[in-house]
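A short write-up of the structure that comes next.
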Amino acid sequence: MQKKRVLITGVSTFLGLRLAKRLENDDSIDHLVGVDLHEPPIPVDGMEFVRVDIRNPLIARVLEATKVDTLVHTNISSTPRRVGGRSQMKENNVIGTMQLLAAAQRAERIAKVITKSSTAVYGYGPREPSILAEDHAARQVDLTGYGKDCAEAEQYVRDFGRRRPDVDLTILRTQNVVGPTVRTSITQYLSLPVIPSALGFDPRLQFLHEEDAVDALYQAIASDDASGIFNIAADGIIYLSKAARLLGKVQIPILLPAAQATATLLRSLGRVDFPTDQLNLIVYGRVVSTDRAKQRLGFSPRFSSEDTLLDFKEHREGEPVPPSIDRPAWERELFEYLRGRQAAEKEKV
């Protein structure tokens, strides 16, 4: 089997970093490259790290210099504060994906592109089916915030596919990721001393353990039948009321009109970065079908939704937050890297 040359975006974030650690000693990987604005908080053996902003056209030169054939795009953020606010989050998620795929279009060696998306593209509402399949996102839906970002990013992936039909495209729509080390809006919500909820609503929730999220990405890299869109989630559901009891938390129901004001207050206090566009999740819930991922990707989650919560409760740790980096510093470092690459190529000739 031909070995792969893999590039991972967002390699300092929980998903990109854990995937890189999974691949660091994998015999099927010929070369591993990680790109991000921040250096990974823990070392990855054998990985070539390149400091670059995927929103910058210079990412095209990185793809060319590293000669990768597999691109794994994990740099889709769901928490505004992590990337500097809602406007920066949209630029990272949408403009970053657009620039990355524009660069990949010109990279002749690219044969496979895997993009992390979210089940937030299905929207939320009381009239939604009890279990959502992948085709359900094709309908018209009014999306805002993170869900809209993911839908627009997916559209860029599909446009890329029409321009490069020779490339295998995979979109993984993950449920809310929970685990001992990952830090997301849902883990912050579940970490509150008391859990606010909407009075009269007890939504069905479905989670995805952080280890299963990494396994799904790995399966997409390894599989020869990974083209298409796949829901990635744990087996089973859990009601919010039961989730609160499992975590040993007190649930405080509040009137639905006050939910947005409560979320805004919690964000201003720095207690939880839960964007108001995702509030409907804890009102209506969301459950998806994973049959396609199990049949074609061989995805088999090790943790059920309930097991995921219990592991979150028993082994919770804080994720290290990388320091901020200014633009001029990483650009100078990138140009030095590219010059070194060019010199090495000339020596080979």
*Label residue 39 and residue 192 with points 7 Å out from Cα along Cα→Cβ: what is the distance between them in nm?*
3.8 nm
*Could you sort 279-288, 41-50 so that the peptide with the highest average Cβ count within 10 Å comes first and the rest follow in order?*
279-288, 41-50
*Nonlocal amide H pairs with residue 299, under 5 Å, H built at 1.01 Å*: 294
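Could you compute the net charge surrounding residue 248? Neighbours are other residues with a C-beta less than 15 Å from the C-beta of residue 248; K and R count +1, D and E count -1.
+2
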*Tell me which residues come under 5 Å, amide H to amide H, from residue 132 once H is placed; ignore anything under 5 positions away on its chain.*
287, 288, 289
*Write out the trypsin sites (Lys or Arg not before Pro) in the range 107-173 meeting two conditions: DSSP loop, and at most 14 other Cβ atoms within 10 Å of their Cβ.*
109, 127, 139
*Would you please give the FRET efficiency between residue 21 and residue 314, computed as 1/(1 + (r/R0)^6) with r the Cβ-Cβ distance and R0 = 22 Å, to the nearest 0.05?*
0.50
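Report the full-extension gain for the segment residue 163 to residue 249: residue separation times 0.36 nm, less the Cα-Cα distance, to one decimal in nm.
25.9 nm
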*Out of residues 5 or more away from residue 235 or on other chains, whose amide H comes under 5 Å of its own, with H placed 1.01 Å from N in the peptide plane?*
305
*Label-to-label distance, nm, for residues given as residue 242 and residue 296 (7 Å Cα→Cβ offset)*: 3.0 nm
*Which ordering of 289, 118 is given by a fewest-first count of other beta-carbon atoms within 10 Å?*
289, 118
_lysines with Cα under 19 Å of residue 242, excluding same-chain neighbours fewer than 8 positions away_ = 313
_Sort 302, 164 by Cβ crowding within 10 Å, fewest neighbours at the top._
302, 164
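Values quoted throughout were computed directly from the atomic coordinates according to the rules given, and no laboratory measurement underlies them. Small disclaimer: the values here were computed from a predicted structure and weren't measured. Note that each Cβ is placed from the backbone with ideal geometry, even for glycine, and that neighbours are counted across all protein chains shown.
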